[in-house]
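Engineer: I have a structure here, written as structure tokens, and I will follow up with some questions on it.
The values are calculated or read from the model by the stated rules, or taken from the named source; none is laboratory data. Please read these numbers as outputs of a predicted model, since none were measured by experiment. As a convention, Cβ positions derive from the backbone with ideal geometry for all residues, glycine included, and neighbour counts pool all protein chains shown. Ligands, DNA and RNA are excluded from the accessible area calculation, which covers all protein heavy atoms including side chains. Shrake-Rupley method; radii C 1.70, N 1.55, O 1.52, S 1.80 Å.
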Amino acid sequence: MECVHQSQASIEKYDALSDFLKKFYIPSYVLSPEDEAVAVPSTPPESPILVFINSKSGGQLGGELILTYRSLLNDKQVFDLNVETPDKVLQRIYLNLERLKHDALTCKIKEKLKIIVAGGDGTASWLLGVVCDLELSNPPPIATIPLGTGNNLPFAFGWGKKNPGTDKSSAESFLAQVIKAKEMKIDNWHVLMRMKSPKKGSLDSIELPPSLHAFRRASPSDQANMEGYHTFRGGFWNYFSLGMDAQTSYEFHSQRKLHPENFKNQLVNQSRYLKLACKQGWFCASLLHPFSHNIAQLAQVKICDKSGQWNDLHIPQSIRSVVCLNLPSFSGGLNPWGAPNPKKQYDRSLTLPFVDDGLIEIVGFRNAWHGLVLLAPKGHGTRLAQANRIRFEFKKEISHHGQVNMLTTENCMSKSMYESSPKVRFSDDGTEDEPLVANCEEEFRKFGAADTFKVPSDV
């Protein structure tokens with residue numbers, strides 16, 4: 001009787017939906033093998049979606065957003081990440097999609113499937129990593145609802161950086177953007193770190209940054225393993241930083257972990273972050289932080305281009321923070337790379353900062369005041385280089401690791417190397433040549449990454 005009641009309720013809910021909401025609806029039997037084929041649309045939904053929400057993000061906003069989306073859609077296509085992890089959900093759903101591969105409606109849903117993830121940058125990166133690791137033949141593109149503090153990922157792809165409303169009208173407005181969004185690939189970067197094994201004790205008491213996690217030592221022939229070292233790996237989609245910014249971010253993360261009740265408001269979180277930077281003395285870095293703690297004194301830095309050639313990277317002595325940037329959004333929507341004029345770009349053999357070219361932009365900062373320069377219209381950090389790999393000689397290395405499809409709005413800040421737009425080149429005498437449009441894709445393809453995710457052979 002309960003199953004019959006649930007089936008009838010599903011039919012009634014589907015019939016009551018507006019034509020707009022039916023464009024996103026996925027029937028339960030497609031999501032789970034235990035459900036019957038009821039409330040089946042006569043035509044495939046135009047934009048079927050799976051919604052993942054971190055109920056702990058944004059104070060109470062995450063929990064409220066779950067209730068809203070479950071009231072608008074099939075509640076079985078809306079998932080609380082604090083109840084069930086995305087890898088288990090997606091594995092279960094895609095196994096069921098494979099089981100129903102001869103069902104015409106299911107095939108169309110699988111072909112058009114999209115994902116919405118609501119949370120901070122950490123939550124969004126979690127989903128991106130899961131989709132990347134599943135190595136699907138047709139991975140679903142991802143839209144991000146900003147529920148965190150910085151919200152760099154949503155902002156970079158045009159979804160905004162302020163916490164959204166949780167009412168039905170706001171949710172429907174977001175869905176309207178999803179249905180019109182276009183796809184854009186985003187590079188994934190792998191981080192490999194080696195630490196010498198301690199002579200006494202173990203590394204169990206050492207708390208690594210959230211982006212890193214231990215992995216089991218594979219066969220003795222695995223190039224990632226080295227005798228006498230502990231090896232860790234992780235990844236990032238937005239940026240990876242060392243020095244000043246990293247210290248402040250780590251302290252912020254540690255305090256939020258200890259006292260989550262004090263970090264429930266976006267504006268309050270941002271003010272706490274700024275206070276930590278002041279408390280740590282980064283606005284008076286030359287007085288309060290010894291010269292020996294600057295990046296150039298701590299590490300030798302090398303970069304690698306797409307051809308595999310390694311070269312030393314000169315780091316100015318005054319640089320106290322290095323940011324490896326994948327997206328044009330840092331620290332809540334700021335762009336450290338900025339927009340260098342075409343002549344300087346040509347003289348230094350730099351390309352435009354695309355998000356899918358297999359290159360990261362490497363930027364340096366002297367102190368917190370230097371960081372505040374980003375608030376100016378043409379403000380930027382010290383542009384150090386673009387690279388396919390970067391190595392810090394305390395055994396910390398970053399390399400290109402694959403791509404995932406993102407959904408973007410018309411306000412998207414990120415640029416794809418496959419989008420045609422006029423480029424300017426300067427000739428040897430310094431005069432401006434004709435725009436480069438026709439050869440754009442061919443010129444920058446050499447910097448491109450694989451079309452599908454592949455684990456590098458040396459990882």
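Engineer: Do we have VAL89 as at pLDDT below 90, in contact with a Phe, Trp or Tyr (Cβ under 9 Å, 6 or more places away or on another chain) and among the β-branched types (Val, Ile, Thr) here? Please lay out each step first, then the result.
Structural biologist: Numbers: at pLDDT below 90: no; in contact with a Phe, Trp or Tyr (Cβ under 9 Å, 6 or more places away or on another chain): yes; among the β-branched types (Val, Ile, Thr): yes.
Answer is no for this residue.
Engineer: If you check ARG383 against the conditions, is it surrounded by fewer than 23 Cβ atoms within 10 Å (Cβ to Cβ), touching a helix residue (DSSP H, G or I) at 6+ places or on another chain (Cβ under 8 Å) and in contact (Cβ under 8 Å) with a residue 40 or more places away in the chain? Spell out the reasoning first.
Structural biologist: Numbers: surrounded by fewer than 23 Cβ atoms within 10 Å (Cβ to Cβ): yes; touching a helix residue (DSSP H, G or I) at 6+ places or on another chain (Cβ under 8 Å): no; in contact (Cβ under 8 Å) with a residue 40 or more places away in the chain: yes.
Considered against the rule, which asks whether it is surrounded by fewer than 23 Cβ atoms within 10 Å (Cβ to Cβ), touching a helix residue (DSSP H, G or I) at 6+ places or on another chain (Cβ under 8 Å) and in contact (Cβ under 8 Å) with a residue 40 or more places away in the chain, ARG383 comes out as no.
Engineer: Could you list, in sequence order, all residues of region 53-105 that are under 22 Å from GLU172 (Cβ atoms) and among the charged types (D, E, K, R)?
Structural biologist: GLU64, ARG70, ASP75, LYS76, ASP80
Engineer: Which residues, taken from region 122-163, are within 22 Å of GLU98 (Cα to Cα), among the hydrophobic types (A, V, I, L, M, F, W, C) and assigned to a loop (DSSP other than H, G, I, E, B)? Quick ask: steps written out before the conclusion?
Structural biologist: Of all residues in region 122-163, those within 22 Å of GLU98 (Cα to Cα) come to 127-142.
Among the residues that remain, those that are also among the hydrophobic types (A, V, I, L, M, F, W, C) are: 127-128, 130-132, 134, 136, 142.
Hit for region 122-163 is LEU136, nothing else.
Engineer: Which of the residues that make up region 18-42 are surrounded by 17 or more Cβ atoms within 10 Å (Cβ to Cβ), of a type outside the set (S, T, N, Q) and modelled with pLDDT of 85 or more?
Structural biologist: Within region 18-42, LEU21, LYS23, PHE24, TYR25, ILE26, PRO27, TYR29, VAL30, LEU31 qualify.
Engineer: Condition first: hydrophobic (A, V, I, L, M, F, W, C) and closer than 16 Å to SER249 by Cβ. Now tell me which residues in region 306-326 satisfy that. Walk me through it before giving the result.
Structural biologist: Taking region 306-326 first, the residues hydrophobic (A, V, I, L, M, F, W, C) are 310, 313, 315, 319, 322-325.
VAL322, VAL323, CYS324, LEU325 - these are the residues of region 306-326 that are hydrophobic (A, V, I, L, M, F, W, C) and closer than 16 Å to SER249 by Cβ.
Engineer: Going through region 390-411 one residue at a time, which ones are open to solvent by 30 Å² or more (accessible area, probe 1.4 Å), at positive phi and modelled with pLDDT of 75 or more?
Structural biologist: The answer is none; no residue qualifies.
Engineer: When the residues of region 288-347 are narrowed to those that are surrounded by fewer than 13 Cβ atoms within 10 Å (Cβ to Cβ) and among the charged types (D, E, K, R), which ends up farthest from TRP159 (Cα to Cα)?
Structural biologist: ASP312
Engineer: Could I ask something else about it? (1) outside any helix (DSSP H, G or I); (2) touching a Gly at 6+ places or on another chain (Cβ under 9 Å); (3) open to solvent by 10 Å² or more (accessible area, probe 1.4 Å): which one isn't true of ALA118, the others all being true?
Structural biologist: Status for ALA118: all satisfied but (3).
Engineer: So for region 145-152 (the condition being over 16 Å from SER47 (Cβ atoms), free of Cβ contacts under 8 Å to residues at least 40 places away in the same chain and not acidic (Asp, Glu)), does at least one residue qualify? Walk me through it before giving the result.
Structural biologist: In the first step, residues of region 145-152 are kept if they are over 16 Å from SER47 (Cβ atoms); the result is 146-152.
Narrowing the set further to residues that are free of Cβ contacts under 8 Å to residues at least 40 places away in the same chain leaves 146.
Those left that are additionally not acidic (Asp, Glu): 146.
So far as region 145-152 goes, yes, one or more of its residues are over 16 Å from SER47 (Cβ atoms), free of Cβ contacts under 8 Å to residues at least 40 places away in the same chain and not acidic (Asp, Glu).
Engineer: Just to be sure I understand, how many residues within region 359-380 are out of contact with any Lys or Arg (no Cβ under 7 Å at 6 or more places or on another chain) and open to solvent by 30 Å² or more (accessible area, probe 1.4 Å)?
Structural biologist: Going through region 359-380 one residue at a time, the tally reaches 8.
Engineer: Go through region 242-253 and count every residue that is hydroxyl-bearing (Ser, Thr, Tyr) and open to solvent by 30 Å² or more (accessible area, probe 1.4 Å). If you could, list the steps in order and put the result at the bottom.
Structural biologist: Residues of region 242-253 hydroxyl-bearing (Ser, Thr, Tyr): 248-250.
Going one step further and asking which of them are open to solvent by 30 Å² or more (accessible area, probe 1.4 Å), we end up with 249-250.
Of the residues in region 242-253, 2 are hydroxyl-bearing (Ser, Thr, Tyr) and open to solvent by 30 Å² or more (accessible area, probe 1.4 Å).
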